[in-house]
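What follows draws every value from the coordinates through simple rules; no lab data is involved. All figures in this text were calculated on a predicted structure; none of them were measured in a lab. Positions of Cβ are backbone-derived with ideal geometry, glycine not excepted, and every protein chain shown enters the neighbour counts.
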Amino acid sequence: MKIEIDDIGVRFGGLWANRNVSFSFEGPSITAVIGPNGAGKSTLFNVMTGFIKPATGEIRLRGERISGQAPEKVAARRIGRTFQIPEICHEMSVRDNVLVGAHRHIRGNLFSQVLNIGASGAAEREAGDRVDVILKDTRLYDLRDRPAGTLPLGRVRLLEIARALASEPELLLLDEAASGLNSQESAELAAFIRTLPSRGISVLLIEHNVGFVMELASTVAVLDHGQLIAVGTPEEVRNNEAVITAYLGKRKS
Ligand SMILES: Nc1ncnc2c1ncn2[C@@H]1O[C@H](COP(=O)(O)OP(=O)(O)O)[C@@H](O)[C@H]1O
Ligand SMILES: [Mg+2]
């Protein structure tokens, strides 16, 4: 699996939120995009998942363009994502929230299928079994009947990931998954994310929290003011002058 981000440019009015952004990675692997607030990280994710059409450039999965297509089309290419602000359904149980992800995969339909669950036999049961495995993997199984809105943030982040995994992605995009988590929660999350490549799932992490990605990612891309200023191993990026000035320097101050 190869992803190529090729000369991506996105403009909001007079502002280039992404400009000439190019890098590529091969999976299964963990790659990170870091950068200060407003650097254009979420914008790049939105391009990769079809929520924004770029003004320039394209994104290719296995050589085929995926940018500029509708989000459902991109999801159907087995690219899953979470959002910076979790988009779970608070009233629904933890398990039903994950089932939504499984149904999105089966029929490309967000909520309607969950309302008549059990109606269509084998596919439903297969989805249910898959969801239970994911709930166990993410240690949410014991909480499966709780309304999702009653979970602490650490569990909500895992729930969002569980839901994305239910659509069986081969590339999972996580937008600030560790944000707002305490150190134990983020350590648990990191331990879980680390298991994904061995299951054939590539992860692209967007993080503001540099420490979190440095221990997880094999490749780190750094955005600043919409532009890619460095890409390399965590060690290379950590020692890059432009990165220290643009980002790490700011964090220390
Ligand atoms: N829908 C939008 N309309 C106008 N400006 C936007 C929109 N989305 C993002 N921006 C601007 O684009 C820049 C990059 O934003 P974003 O990609 O969210 O950054 P990051 O995720 O790195 O914090 C910011 O200056 C932000 O204000
Ligand atoms: Mg963001």
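Dipole of the chain computed with +1 at Lys/Arg Cβ and -1 at Asp/Glu Cβ about the Cα centre; of THR245, ILE5, PRO28, farthest Cα towards the positive end is ILE5. Counted residue by residue at 0.36 nm each, then reduced by the alpha carbon distance between them, the extension gain from GLU215 to GLU64 reaches 51.3 nm.
Quickly rank 232-238, 63-69 as a protection proxy: mean count of other C-beta atoms within 10 Å, highest first.
Working: 232-238: 15.9, 63-69: 14.3.
For the peptides 232-238, 63-69, the packing ranking is 232-238, 63-69.
Under 5 Å between amide hydrogens, built in the peptide plane, is the criterion, and for ALA32 it picks out LEU205, THR219, VAL220, ALA221 among residues at least 5 positions away or on other chains. Helical runs (DSSP H, four residues minimum) scored at -39500 (n - 2.57) apiece and divided by the length of the chain put the mean residue ellipticity at 222 nm at -9500 deg cm²/dmol. DSSP finds beta bridges in the chain, and of those with both partners inside it, around 55 percent are antiparallel.
Straight-line cross-link partners of LYS73 among the aspartates and glutamates, defined as a Cα under 19 Å from its Cα and at least 8 positions apart when in the same chain: GLU4, GLU58, GLU64, GLU168, GLU170. Modelled this way, with points 7 Å down the Cα-to-C-beta line, the labels at ILE244 and TYR141 are 4.8 nm from one another. Packing, as the average of other Cβ atoms within 10 Å across residues, places the peptides 30-36, 91-97 in the order 30-36, 91-97, highest first.
Which stretch or stretches of region 58-85 have amide N atoms under 11 Å from the point lying 7 Å from SER24's Cα along the Cα→Cβ direction? Hits in region 58-85 for SER24 at 11 Å: 60-64. Enumerate the residues in region 36-52 having an amide nitrogen under 14 Å from the point lying 7 Å beyond the Cα of ARG77 toward its Cβ. So the set is 45-52.
Using the crude model of +1 on Lys and Arg Cβ and -1 on Asp and Glu Cβ, and no other charge, please compute the dipole size for the chain relative to its Cα centre, in debye to 20. Intermediate results must be reported in sequence, preceding the final value.
Numbers: 30 positive and 30 negative charges, 55 e Å.
Charge dipole, the chain, about its Cα centre: 260 debye, nearest 20.
Computed over the chain, the range of Cα coordinates on each principal axis works out to 56, 38, 34 Å, biggest value leading. Our coupling estimate for region 225-238, obtained by passing each phi through the Karplus curve with A = 6.51, B = -1.76, C = 1.60 and θ = phi - 60°, is 6, x, 10, 6, 9, 6, 8, x, 6, x, 4, 4, 5, 4 Hz, Gly and Pro reported as x. Of the DSSP H helices in the chain, those with a Cα length along their own long axis of 15 Å or more and a mean Kyte-Doolittle hydropathy reaching -0.5 comprise 94-107, 153-166, 183-194. Each residue, ALA187 and ALA55, gets one label point 7 Å from its Cα in the Cβ direction; the gap between the two is 4.6 nm. Our note on the geometry: Cα centres of region 44-88 and region 158-176, 14 Å apart.
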